[in-house]
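Let me begin by presenting the structure, written as structure tokens, before commenting on it.
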Protein chains: 2
Amino acid sequence: MPRSGADLALLLLGGFRSLADAAHAELARRGYEDVRPVHDFAMRAITAGADNASELGRRLSVSKQAAAKTIAVLQERGYVARDTDPLDARRKRLQVTALGFEVLRQGESIFDELRDQWERQIGTAELASLETHLATLVGALPVRLDAPGWIAHDLGGPA
Amino acid sequence: MPRSGADLALLLLGGFRSLADAAHAELARRGYEDVRPVHDFAMRAITAGADNASELGRRLSVSKQAAAKTIAVLQERGYVARDTDPLDARRKRLQVTALGFEVLRQGESIFDELRDQWERQIGTAELASLETHLATLVGALPVRLDAPGWIAHDLGGPA
DNA sequence: ATGTCATAGACAACAAGGTTGTCGAAATAG
DNA sequence: CTATTTCGACAACCTTGTTGTCTATGACAT
């Protein structure tokens, strides 16, 4: 059955959402109730080298002010720490704390489990092909979480 | 190459985003600069029978107040009209205007064109299989656009 | 050395979208 | 006729983002 282009878009969104919702719920179940996908992505970016607010903003494609707000939350909750940069007094160096890494680790394993479930549902080869094709179509896009309203927000639904 | 679960999620999100961004940009190019995906979805829901604010809220899984705000915008821009319901004086019946339908029509064709492009890139059978598998995995989820921060917002990036 | 420009981070003001709570009017159940 | 529910509106507030402005610091050219 030939679906419409709009359906395809919804399908993609739905796929992401079910993964993200499930991960968020599971993370909450494991005790990290205040962690949302944005936080996870931000910590990943920090780990990957975005060790100051301006740089984090660039990596996430948001303003540095927005990045600073996210950092403030992360810091408040003990997931990242900041200290001054000895080489550049303007900068505050960011570091993911042990607690932060713990969340990152759990998040990863949750997503991997979710992927395994999908694999069992449609088959290893099928999922691999789906990923390959999607990767071809999407290319390497910057993270671009953007205004993560529903990504960041508490996702209530049963979906 | 076995990707991680998180990558899969990002791929899905990326797929949706590239479609949505392209559609939004093309719609703007065609002169509908103030239409965002949420508006499109809302109009679709209205056409599909959600002819009052409360019902629209239910269909979109948002509060009726949020739905009312969306309606206000849509009305302001002339995409929907409201009149009183002769059968129930509490209700304001919603109707998509001719202009609204025009946008809907254009949006559909844009998404279809985008899908065609994808089909040419990876092959008809491949795209169909991708859709089928995704549909299996996702199931029938309610629209649930949720807090459409970046869906609703003006998507600036080149992505 | 010094003047100029770019960058980091902080603060303020504001926009968009959503939420809950409240309320009056109208429909409906008993 | 009364009690409950539903609709739409309003207000207050949250979250995440944005732009603009400001100071301190660094980089660089003169």
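Read-outs throughout are calculated quantities, based only on the coordinates presented, and are distinct from any laboratory measurement. Since the structure is predicted, the reported quantities are computational estimates derived from the model, not experimental observations. A quick note on method: Cβ atoms are made from the backbone with ideal geometry, for glycine too, and the neighbour counts reach across all protein chains shown.
Taking Cα centre as origin and charging only the Cβ of basic (Lys, Arg, +1) and acidic (Asp, Glu, -1) residues, the dipole magnitude of the range A:5-139 rounds to 660 debye. Scanning residues 5 or more positions from B:Arg91 or on other chains, those with amide H under 5 Å from its amide H are B:Asp85, with H placed 1.01 Å from N in the peptide plane.
Would you please classify the overall shape of the range B:1-95 from the alpha carbon gyration tensor, given that a ≥ b ≥ c denote the square roots of the eigenvalues, rounded means a/c under 1.5, and beyond that prolate means a/b larger than b/c while oblate covers the rest?
The shape class here is oblate.
Length available on full extension from A:Ser54 to A:Glu108: 0.36 nm per residue minus the Cα-Cα distance, which gives 16.9 nm. Once the C-beta distance of B:Ala125 and B:Gln75 is scaled by a Förster radius of 35 Å, the resulting FRET efficiency is 0.20 to the nearest 0.05. Within a straight-line Cα-Cα reach of under 25 Å, A:Lys92 can be paired with the following lysines, leaving aside sequence neighbours fewer than 8 residues apart in one chain: A:Lys64, A:Lys69.
Near A:Val80, the amide H atoms lying under 5 Å from its own belong to A:Gln75, A:Thr97; only residues 5 or more places off or on other chains count, and H is placed 1.01 Å from N.
Return the average number of partner chain Cβ atoms within 10 angstrom of each residue Cβ along peptide A:15-25.
Values: counts 13, 11, 9, 6, 9, 3, 3, 1, 3, 0, 0.
If you average over the peptide's residues, the count of other-chain Cβ atoms is 5.
Here's the picture: charge each Lys and Arg Cβ at +1 and each Asp and Glu Cβ at -1 in chain A, and of A:Tyr32, A:Ala42, A:Phe101 the one pushed furthest to the positive end of that dipole is A:Ala42. Taking a ≥ b ≥ c as the square roots of the Cα gyration tensor eigenvalues, chain A comes out prolate, since a/c reaches at least 1.5 and a/b is larger than b/c.
Packing-based ranking of A:125-131, A:80-86 yields A:125-131, A:80-86, ordered from highest to lowest mean Cβ neighbour count within 10 Å.
Semi-axes of the equivalent ellipsoid for the range A:1-54, computed as √(5λ) from the eigenvalues of its C-alpha gyration tensor and ordered from largest down, come to 30, 18, 7 Å.
Please give me, ordered by residue number, the GluC sites (Glu not before Pro) of the range A:1-70 that lie in loop per DSSP and have at most 16 other Cβ atoms within 10 Å.
Passing sites in the range A:1-70 are A:Glu33.
Plainly put, the tip 7 Å out from Cα toward Cβ on A:Thr97 is 5.4 nm from that tip on each other copy, the closest given first. Computed on chain A, with alpha-carbon pairs under 8 angstrom and 6+ residues apart, the relative contact order is 27 percent.
Look at the Cα gyration tensor of the protein assembly as shown: its axes a ≥ b ≥ c give a/c of at least 1.5 with a/b over b/c, and that counts as prolate. For the options B:Ala48, B:Ala67, B:Ala89, a Gaussian network treatment of chain B with springs between C-alpha atoms closer than 10 Å singles out B:Ala89 as fluctuating the most. Taken residue by residue and averaged, Cβ atoms of other chains lying within 10 Å of the Cβ of A:113-126 number 3. Note on the range A:5-139: dipole from Cβ charges, positive end direction compared against A:Leu10, A:Ala72, A:Thr136; the farthest Cα belongs to A:Ala72.
Distances, shortest first, from the label point of B:Thr132 to those at the same position in the other copies read 1.7 nm; the point lies 7 Å along Cα to C-beta.
The charge dipole of the protein assembly as shown, taken about the Cα centre with unit charges on the Cβ atoms of Lys, Arg (+1) and Asp, Glu (-1), comes to about 840 debye, rounded to the nearest 20. For the residues of B:96-104, the average number of beta carbons from a partner chain within 10 Å of their own beta carbon is 0.
Let's see if you can work this out: charge +1 on each Lys and Arg Cβ, -1 on each Asp and Glu Cβ, no other charges. What is the dipole magnitude of the range A:3-80 about its Cα centre, in debye to the nearest 20?
That gives a dipole near 140 debye.
Between copies, the label points at B:Ala81 (set 7 angstrom from Cα along Cα-to-Cβ) are spaced 6.6 nm, reported in nanometres from shortest to longest.
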